[in-house]
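Student: Please find one structure pasted underneath; my questions will follow.
The values are calculated or read from the model by the stated rules, or taken from the named source; none is laboratory data. Please read these numbers as outputs of a predicted model, since none were measured by experiment. So basically every Cβ, Gly included, is an ideal-geometry build from the backbone, and we count neighbours across all protein chains shown. With ligands, DNA and RNA removed, areas are computed over all heavy atoms of the protein, side chains included. Shrake-Rupley method; radii C 1.70, N 1.55, O 1.52, S 1.80 Å.
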Amino acid sequence: MGGLKAEVDPAEVGLDPARLRRIDRHFARYVDDGRLPGWLVAVSRQGRLAHVSCYGSRDIEAGLPVEADTLWRIYSMTKPITSVAAMMLYEEGAFDLSDRVSTFIPAFANVRVYTGGSDQRQVTVPASEPVRIWHLLTHTAGLTYGFLRVHPVDALYRAAGFEWSVPRGMDLATACEAWAAMPLLFQPGTEWNYSVATDVLGRVIEVASGQRLDEFFGTRILEPLGMTDTGFYLGDDAAADRLAALYMPAAGSKTARLDAMGRVARKPVRMNSGGGGLLATGADYHRFLHMLLDTPGSPAGELDGSRLLSSRTVGYMARNHLPGGLDLETFGRPLYAESPFAGVGFGLGFGVVIDPVQSRVVCSEGELTWGGAASTTFWIDQREELAVAFYTQLLPSSTYRIRPQLRQLVYQALTG
C-alpha cells in the first residue's frame, strides 16, 4: 500500500482480521452501487496500523483508482490541526484561553448580536460578553457558516461571498474583519454553532506567532511529524495526479463531479483556511492522529521523538468544554436535520463522546472525533488505544450514515 500499509498482524493488537474485512465488504457496496466514487480506511491500535484498505476510484472519469498516496480534501479535519497549533502557542504563554480575540484582531472589539428581523433588516444589540479565544476553540463565539442556510445571518455571509469559499483576492486578515462586521447569532458562550471560528483562530495564530498560518503549520507541525504531503494547495503536477476528484450525489444513486470546487486545490491560495483548507494523504493524517493517541510507548502529544504538546494539554482539549456538561444536541444548533450529536460534547477543537448510550452507536466515553465536508471522518479512542480514519470525496457529509456505520464495523472487530 505504498506509504500507508498495515504494520502489524491485527490479532497481535486485539483485532479480528476476518471481522475487519467486514468493513471492506460493507463500503465496497457503496462504490459498486454508485453512492461513493471510492474510499480509503485505516485502523490502528496501540500506535500500530493494523488494517488499511482502499476501493474504487479517485477519479471516475479518468479511470484512476484510489491508492495509498491519494490526496484528499480533508476540509474540517483541518480544524483539529489548527486547534493543536493554537494550544502550542498557549503552552508558550502567547495568550490565555480567556483572552479577548480583539487583542489580536481589533475588529472584534465592538461586535453586535442578532436578536431579530431578516437578513435584509436585522435587529442587533451590543455583545454583552467579549469574544474570547476559548469561544473560538469551542464554536461558542456566535459566528456561523454561509452554507448552513438555517439563519438570517447565514444569508448575510452568503451575500458577502462567504459560502464554500471567500471572495476572490481576500486574505485571512480581511476575511476576519468582514466576519466581525456581521452580527453574531447569539451572545458569546451561550450556545454552540458550527462556524468560521477556527478560521478566526487561524488569524490569532498568525498574529501571535508572527508567521503566516501555512508557515506555522509547516515548521511547527507538518515537518516535525513528517507530514510531507499535507498543505493548502497542490505543490506540483505529480501531486495533482494523485488528487481525488470531488463529487456530489446525483439521480439514481450516482454521483456528479464538482470540478468548480475541486479546482480550488490546484493553485496557491491567498487565504489559508484553518477551518477547512488542507489537503492530506491518509498516511500523513494518521501520523497526526498517532501524535494525539496515548499509548504506553508514545504518550499523547508526541510522535517519534517530536513533542508538540504536553499530554496534560491533550487531555484538557479532550474534555467536554460545553457549559454544564451538556451535549451538542442540547446546547448546539443542528448542522442538518438528523444531526448525530446526542451524547457528544465539544472540547478544544474536537467532538468528545460523553455518553455512548445517548450516541446510539458502540463507542467509548472520551472519544475524540470529527469529520470533513466531503464525508471524511476520524476518531481517537484513548481507552482502546484506537485511531481510525476514513477518506472519500462526497459532498455533503450528511448524505449517508457512513460515520456511525464505520464505528459499528470497527468496534465489532475488537477482541481484547
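Student: For a quick check of your reading of the model, give me the residue pairs whose first member lies in segment 1-24 and is over 10 Å from residue 48 (Cα atoms), whose second is open to solvent by 80 Å² or more (accessible area, probe 1.4 Å) and assigned to a helix (DSSP H, G or I), with beta-carbon atoms closer than 9 Å and at least 6 apart or on different chains.
Tutor: none
Student: Of the conditions (1) in a helix (DSSP H, G or I); (2) open to solvent by 10 Å² or more (accessible area, probe 1.4 Å); (3) under 23 Å from residue 168 (Cα atoms), residue 201 satisfies every one except a single condition; which number is it?
Tutor: Tallying (1) in a helix (DSSP H, G or I); (2) open to solvent by 10 Å² or more (accessible area, probe 1.4 Å); (3) under 23 Å from residue 168 (Cα atoms), residue 201 fails exactly one: (2).
Student: Do we find that residue 48 is touching a residue at least 24 places away in the same chain (Cβ under 8 Å) and over 22 Å from residue 213 (Cβ atoms) in this structure?
Tutor: yes
Student: Do we find a residue being small (Gly, Ala, Ser), on the phi > 0 side of the Ramachandran plot and over 19 Å from the mean Cα position of the chain (by Cα) anywhere in segment 232-254?
Tutor: Yes, some residue in segment 232-254 is small (Gly, Ala, Ser), on the phi > 0 side of the Ramachandran plot and over 19 Å from the mean Cα position of the chain (by Cα).
Student: Right, next: For segment 294-360, list the helices (runs of 4 or more DSSP H) that sit wholly inside it and hold at least 3 residues that are open to solvent by 40 Å² or more (accessible area, probe 1.4 Å), touching a residue at least 12 places away in the same chain (Cβ under 8 Å) and under 30 Å from residue 398 (Cα atoms); which are they? Quick ask: steps written out before the conclusion?
Tutor: On the way: elements: 311-317, 328-331, 356-359.
Qualifying helices (runs of 4 or more DSSP H): none found.
Student: Applying the selection to segment 303-328, what residues are closer than 21 Å to residue 195 by Cα and in contact with a helix residue (DSSP H, G or I) (Cβ under 8 Å, 6 or more places away or on another chain)?
Tutor: If the condition is that a residue be closer than 21 Å to residue 195 by Cα and in contact with a helix residue (DSSP H, G or I) (Cβ under 8 Å, 6 or more places away or on another chain), then 317, 321, 322, 323, 327 are the ones that fit.
Student: Right, here's the next one. Only one of 69, 9, 59 is acidic (Asp, Glu) and closer than 22 Å to residue 228 by Cα; which?
Tutor: Sole residue among the options that is acidic (Asp, Glu) and closer than 22 Å to residue 228 by Cα: 69.
Student: Restricting to segment 167-198, name every residue that is open to solvent by 10 Å² or more (accessible area, probe 1.4 Å), over 14 Å from residue 127 (Cβ atoms) and small (Gly, Ala, Ser).
Tutor: Answer for segment 167-198, where residues must be open to solvent by 10 Å² or more (accessible area, probe 1.4 Å), over 14 Å from residue 127 (Cβ atoms) and small (Gly, Ala, Ser): 169, 173, 178.
Student: Here's a follow-up. Pick from 243, 213, 278, 225: which is in contact with a helix residue (DSSP H, G or I) (Cβ under 7 Å, 6 or more places away or on another chain), touching a residue at least 60 places away in the same chain (Cβ under 8 Å) and either under 20 Å from residue 37 (Cα atoms) or of a type in the set (Asp, Glu) (or both)?
Tutor: 243
Student: Mind checking which residues of segment 405-416 are part of a helix (DSSP H, G or I), out of contact with any Cys (no Cβ under 9 Å at 6 or more places or on another chain) and of a type outside the set (S, T, N, Q)?
Tutor: Once the filter is applied, which keeps residues that are part of a helix (DSSP H, G or I), out of contact with any Cys (no Cβ under 9 Å at 6 or more places or on another chain) and of a type outside the set (S, T, N, Q), segment 405-416 yields 406, 409, 410.
Student: Still on this structure, please answer the following. Which of the strands (runs of 3 or more DSSP E) found entirely inside segment 1-102 contain at least 2 residues meeting this: more than 30 Å from residue 189 (Cβ to Cβ) and open to solvent by 30 Å² or more (accessible area, probe 1.4 Å)? Break it down stepwise before answering.
Tutor: Values: elements: 38-45, 48-59, 71-73.
In segment 1-102, the matching strands (runs of 3 or more DSSP E) lie at 48-59.
Student: Within segment 362-400, how many residues turn out to be open to solvent by 30 Å² or more (accessible area, probe 1.4 Å), out of contact with any strand residue (DSSP E or B) (no Cβ under 6 Å at 6 or more places or on another chain) and either at pLDDT below 95 or not in a loop (DSSP other than H, G, I, E, B) (or both)?
Tutor: Adding up the residues that qualify gives 4.
Student: Residue by residue through segment 152-185, note down the ones that are in contact (Cβ under 8 Å) with a residue 40 or more places away in the chain, under 20 Å from residue 116 (Cα atoms) and touching a Phe, Trp or Tyr at 6+ places or on another chain (Cβ under 8 Å).
Tutor: Within segment 152-185, 180, 183, 184, 185 meet the criteria.
Student: Give me the pairs, please: first residue somewhere in segment 81-96 and on the phi > 0 side of the Ramachandran plot, second residue anywhere and basic (Lys, Arg) and modelled with pLDDT under 95, beta-carbon distance under 9 Å, and either six or more positions apart or on two chains.
Tutor: From segment 81-96, no pairs qualify.
Matching residues to (1) charged (D, E, K, R); (2) over 18 Å from residue 371 (Cβ atoms); (3) modelled with pLDDT of 95 or more:
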site	(1), (2), (3)
259	yes, yes, no
268	no, yes, no
292	no, no, yes
303	no, yes, yes
310	no, yes, yes
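Student: Could you grab me the full set of residues in segment 103-117 that are open to solvent by 30 Å² or more (accessible area, probe 1.4 Å), assigned to a strand (DSSP E or B) and at pLDDT 95 or above?
Tutor: 112, 114, 115
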